[in-house]
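**Student:** Below is a structure I'd like to ask you about.
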Amino acid sequence: MKVIFESCSENEAFARTVVAAYITRLNPTLEEMSDVKTAVSEAVTNSIIHGYRCGDGTIEMECNIHNNEIEIIIEDFGAGIEDIEKAMEPLYTTRPEWERSGMGFAFMEAFMDELCVKSEPEKGTKISMKKKIGS
Amino acid sequence: MLGEEFPIGFHYEIYRNCLIVYITQDLDHHAVTFLRERSDKLIDAGDVKHVVFDFKDVDFMDSSGIGLIMGRYRKVMFLGGRALVSNVGRSVDRIFKISGLYKIIEKYDTPEEALKALEVKHESYI
């Protein structure tokens with residue numbers, strides 16, 4: 001499944017709702033559903049706020065199911081991340097003035113089984129996440 | 001009582017010096033942008049010292065919600081006030097726990113109990 005949508009805050013709800021509908025066939029628990037929705041929301045919000053700095057852009061989201069595992073790939077073509085390690089530190093944020101909590105990556109890591117971040121400054125960022133459902 | 005329907009998924013009440021914000025939709029970056037501005041205006045406009053966020057109708061929250069609550073906590077702290085949350089459901093509770101928010105924010109079952117803890121009588125402001 002692949003969807004391409006514009007970078008605007010209304011699409012945060014759209015993205016997590018699409019993924020929630022997609023994984024319904026795996027019969028996830030309420031908690032698993034909530035975990036996946038939160039991780040998706042964090043990744044998409046990062047693309048909107050940091051990738052495109054709340055400006056125009058497109059976000060691509062791809063989901064695959066292998067057996068009982070969901071794979072979600074969220075990619076933007078915006079600003080990219082200079083220092084991924086630093087960006088992944090809990091409570092670290094480049095946007096304190098927007099009251100970003102710096103918990104985005106920490107939540108993605110906590111709620112998914114695997115998280116992979118690839119990024120290049122001025123090219124964009126690609127987040128890949130995996131989670132086994134019903135394990 | 002001062003009260004007003006917000007255009008998207010919130011309403012509020014003010015009892016004496018306490019602002020209660022009832023959130024009735026998913027609390028993500030989109031919702032937070034609006035709610036931050038409105039609640040700050042309300043805090044700045046009156047003699048609001050404490051703020052209670054009620055989560056009765058919230059099924060989903062991400063880290064943007066943490067930023068909203070921490071920001072308002074900081075704001076009322078400077079006024080000598082407290083920030084509280086009520087009616088926290090399971091999924092929101094997990095987010096609060098993981099983020100360590102309960103170290104600074106008190107949780108109550110209902111807004112009435114939160115007001116009691118603040119010793120603000122639950123009666124009309126005007």
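Please treat every number below as a calculation from the coordinates, not as lab data. On a predicted model such as this, the values are computed, not experimentally measured, just so you know. Ideal geometry is used to build each Cβ from the backbone, glycine not excepted, and the neighbour counts take in all protein chains shown.
Each row is one residue, and each column tells you yes or no for (1) within 8 Å of another protein chain (Cβ to nearest Cβ); (2) outside any helix (DSSP H, G or I); (3) in contact with a helix residue (DSSP H, G or I) (Cβ under 6 Å, 6 or more places away or on another chain).
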{"position": "A:18", "(1), (2), (3)": "no, no, no"}
{"position": "A:32", "(1), (2), (3)": "no, no, no"}
{"position": "A:41", "(1), (2), (3)": "yes, no, yes"}
{"position": "A:48", "(1), (2), (3)": "yes, no, no"}
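**Student:** Now for a different question. Does segment A:105-131 hold any residues that are touching a helix residue (DSSP H, G or I) at 6+ places or on another chain (Cβ under 7 Å) and either part of a loop (DSSP other than H, G, I, E, B) or of a type in the set (D, E, K, R) (or both), and which are they?
**Tutor:** Of all residues in segment A:105-131, those touching a helix residue (DSSP H, G or I) at 6+ places or on another chain (Cβ under 7 Å) come to A:105, A:107-108, A:110-112, A:115, A:117, A:119, A:124-125, A:127, A:129, A:131.
Passing the criteria: A:112, A:131.
**Student:** Something else about it: Quick one: would you say residue A:57 is more than 14 Å from every other protein chain (Cβ to nearest Cβ) and crowded, with 17+ Cβ neighbours inside 10 Å?
**Tutor:** yes
**Student:** Give the residue, chosen from A:38, A:45, A:24, that is surrounded by fewer than 16 Cβ atoms within 10 Å (Cβ to Cβ) and among the hydroxyl-bearing types (Ser, Thr, Tyr).
**Tutor:** Of the residues listed, the single one that is surrounded by fewer than 16 Cβ atoms within 10 Å (Cβ to Cβ) and among the hydroxyl-bearing types (Ser, Thr, Tyr) is A:24.
**Student:** Restricting to helices (runs of 4 or more DSSP H) lying wholly in segment B:44-126: which have 2 or more residues that are under 23 Å from residue A:9 (Cβ atoms)? Give the steps one after another, and end with the answer.
**Tutor:** Working: elements: B:63-78, B:90-99, B:111-117.
Where helices (runs of 4 or more DSSP H) fall fully within segment B:44-126 and carry at least 2 residues being under 23 Å from residue A:9 (Cβ atoms), they are B:63-78, B:90-99.
**Student:** Can I ask one more? Is it the case that residue B:52 is surrounded by fewer than 23 Cβ atoms within 10 Å (Cβ to Cβ) and under 24 Å from residue B:17 (Cβ atoms)?
**Tutor:** No: the conditions fail for residue B:52.
**Student:** Consider residue A:73 against the criteria (1) within 24 Å of residue B:97 (Cβ to Cβ); (2) aliphatic (A, V, I, L, M); (3) outside any loop (DSSP other than H, G, I, E, B): it satisfies all of them except one. Which criterion is unmet?
**Tutor:** It is condition (1) that residue A:73 fails.
**Student:** From the list A:127, A:84, A:70, exactly one residue is within 11 Å of the chain's Cα centre (by Cα) and either more than 10 Å from every other protein chain (Cβ to nearest Cβ) or not aliphatic (A, V, I, L, M) (or both). Which is it? Working first, answer last.
**Tutor:** Numbers: A:84 fails: within 11 Å of the chain's Cα centre (by Cα); A:70 fails: within 11 Å of the chain's Cα centre (by Cα).
Of A:127, A:84, A:70, the one residue that is within 11 Å of the chain's Cα centre (by Cα) and either more than 10 Å from every other protein chain (Cβ to nearest Cβ) or not aliphatic (A, V, I, L, M) (or both) is A:127.
**Student:** Here's another thing I want to ask about it. Mind telling me which of the residues A:134, A:78, A:102 ends up being out of contact with any helix residue (DSSP H, G or I) (no Cβ under 7 Å at 6 or more places or on another chain) and part of a loop (DSSP other than H, G, I, E, B)? Please lay out each step first, then the result.
**Tutor:** Working: A:134 fails: out of contact with any helix residue (DSSP H, G or I) (no Cβ under 7 Å at 6 or more places or on another chain); A:78 fails: out of contact with any helix residue (DSSP H, G or I) (no Cβ under 7 Å at 6 or more places or on another chain).
Selected residue: A:102, the only one of A:134, A:78, A:102 that is out of contact with any helix residue (DSSP H, G or I) (no Cβ under 7 Å at 6 or more places or on another chain) and part of a loop (DSSP other than H, G, I, E, B).
**Student:** If I filter segment B:55-68 down to residues being touching a strand residue (DSSP E or B) at 6+ places or on another chain (Cβ under 9 Å), of a type in the set (A, V, I, L, M, F, W, C) and facing chain A (nearest Cβ under 9 Å), which single residue comes out as surrounded by the most Cβ atoms within 10 Å (Cβ to Cβ)? Give the derivation first.
**Tutor:** The initial filter retains those residues of segment B:55-68 that are touching a strand residue (DSSP E or B) at 6+ places or on another chain (Cβ under 9 Å), namely B:55-58, B:60-62, B:64-65, B:68.
Applying the additional criterion that residues be of a type in the set (A, V, I, L, M, F, W, C) yields B:55, B:58, B:60-61, B:68.
Okay, now just the ones that are also facing chain A (nearest Cβ under 9 Å), so B:60-61, B:68.
Details: B:60: 23, B:61: 28, B:68: 24.
Step by step, filter segment B:55-68, then rank; the result is B:61.
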